[in-house]
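Report on the structure given below.
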Amino acid sequence: MSTAHVAAAQALSLDATSRRSFLATGSLTLASVAATGMLPVFAQDAQTQALLGVAAQQLPAIPAIKRSVIIDTDPGQDDAIAVLFALAAPERLDVRALTVSVGNMPLSITEKNARRVRDWAGRTDVPVYAGYPRPLIREPIFADDVHGKTGLDGPMLHEPRGPLSQGHAVDYLIKTLRSAEAGSVVLVGLGPLTNIAAALNMAPDIKPAISEVVVLGGAWGVGGNITPAATFNLYADPEAASVVFRSGVPVTAVSHDAARRVLVTPERIEPFRRLGNTAGKVVANILDSAMDFAMRRRGVKVGPMYDPCVIAYLLQPELFKGARVPVDIETRGEFTAGATVVDFRGYTKRKANTLWINSVDIDGFYGLLEQHIARLP
Ligand SMILES: [Ca+2]
């Protein structure tokens, strides 16, 4: 472990408030630097600072403690793999609930898919709450061209074994976060951010309980996947994304700059099929379907793996590089709605609100995913 990792691990192991402060400031406090004799994690040389702005740094490892997580999701093929991944790490991630948003498909389909995914993981104990059936302001858009009419093409789809939980996802989020200790819950946003934004708007008093909102989305270097400028999750509800990024809660954006480079190919799929368990087969069948889409769209069997990158970040952040930067969401652009405007060079003079992740160790990611999918039924 590097000295930076040790320092960060010490900072992160202090207590919930200190960890939240680390995420918010991107550096250790002077007191902790003095105590450990180590430099802040995101320090960099002056030339890089002057020419390119903030440089991405390898993220520190974190102690293997168990964290409380609520996953907001719109399954969705890559969502399904991400949720399986998270449910396969119960010693690290206490998945309190799945809250479901409209997104890849209408809510009636995404909530049903969420219940199927928990069945595949053998985890009918994880409640599933349905949230907003539409974005805050705009008309919904769907991604059935990618995920199929079922939202989850590939595996055999069964009738979900357990019911939807009573109550609205936003009410669940507010109630749960109100009774949680400060900085004790990670919110994961794998779909449009409508539910999370609505909860933050309705009950700003829940903010201290949230240690971090980890969002799959945004792009700066690689462009969007729904328009040239924007990524699906943020384009589908730019106003909601703006609420979340401006909320003051520490945001981590696992951007497409990183996630779009985690390529799926037939060679990457085979190890999952060979695992021999149900979950491995489900993952392989989902990715086979994604390869069929890739053939139709690009004429070549290669496609990106998005949502599972967020779970890898939660389990092993040292597989990623990122930087603390100010990020704004475009809500009014004629061609750029939902785009992430990332200020690496300090033009906006705004305080950094986002840990922007733009690089990933791809082999490390696949190793971690495979190891976890292998643990499932
Ligand atoms: Ca998703």
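The values are calculated or read from the model by the stated rules, or taken from the named source; none is laboratory data. Note that the structure is a prediction, hence the values are computed from the model and not measured. Cβ atoms come from the backbone with ideal geometry, glycine included; neighbour counts cover every protein chain shown.
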Task: Filter pass, ILE210 being of a type in the set (A, V, I, L, M), surrounded by 15 or more Cβ atoms within 10 Å (Cβ to Cβ) and in contact with a strand residue (DSSP E or B) (Cβ under 8 Å, 6 or more places away or on another chain) - done: yes
Task: Hey, ARG118 surrounded by 21 or more Cβ atoms within 10 Å (Cβ to Cβ), basic (Lys, Arg) and in the same structural domain as ARG324 (by TED's automatic domain parsing) or not - done: yes
Task: Residue tally, condition away from the ligand (no atom under 16 Å from the Cβ) and among the hydrophobic types (A, V, I, L, M, F, W, C), over the stretch 150-192 - done: 11
Task: Elements of type strands (runs of 3 or more DSSP E) in the stretch 292-343, at least 2 residues being of a type in the set (D, E, K, R), within 22 Å of the chain's Cα centre (by Cα) and surrounded by fewer than 24 Cβ atoms within 10 Å (Cβ to Cβ) - done: 320-325
Task: Answer residue from the stretch 190-207, given it is buried (at least 24 other Cβ atoms within 10 Å of the Cβ), among the hydrophobic types (A, V, I, L, M, F, W, C) and in contact (Cβ under 8 Å) with a residue 40 or more places away in the chain and is farthest from LEU234 (Cα to Cα) among those - done: LEU200
Task: Residue identified as of a type in the set (S, T, N, Q) and either without any contact (Cβ under 8 Å) to a residue 60 or more places away in the chain or not assigned by TED's automatic domain parsing to the domain that holds ALA253 (or both) among THR331, THR348 - done: THR348
Open item on the list: Within the stretch 271-282, does at least one residue satisfy the condition of being under 30 Å from ARG134 (Cβ atoms) and at pLDDT 95 or above?
Closed with: yes
Task: Looking only at the stretch 213-235, and only at residues there that are of a type in the set (Gly, Ala, Ser) and touching a Ser or Thr at 6+ places or on another chain (Cβ under 8 Å), the one that is surrounded by the fewest Cβ atoms within 10 Å (Cβ to Cβ) - done: ALA229
Task: the stretch 101-127 residues that are over 15 Å from THR194 (Cα atoms) and modelled with pLDDT of 95 or more, paired with ones that are among the hydrophobic types (A, V, I, L, M, F, W, C) and assigned to a helix (DSSP H, G or I) (beta carbon under 6 Å, 6 or more apart) - done: VAL117/ALA80; VAL117/VAL83; TRP120/ALA279; TRP120/VAL282; ALA121/LEU84; ALA121/LEU87; ARG123/LEU87
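Residues ALA121, ALA130: which one is more than 23 Å from LYS281 (Cα to Cα), among the aliphatic types (A, V, I, L, M) and more than 13 Å from the ligand (Cβ to nearest atom)?
ALA130
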Task: Checking THR227 against (1) more than 16 Å from the ligand (Cβ to nearest atom); (2) closer than 22 Å to LEU314 by Cα, the condition it does not meet - done: (2)
Open item on the list: On the basis of being surrounded by fewer than 23 Cβ atoms within 10 Å (Cβ to Cβ), of a type outside the set (Val, Ile, Thr), touching a residue at least 24 places away in the same chain (Cβ under 8 Å) and not in a loop (DSSP other than H, G, I, E, B), does ASP153 make the cut?
Closed with: no
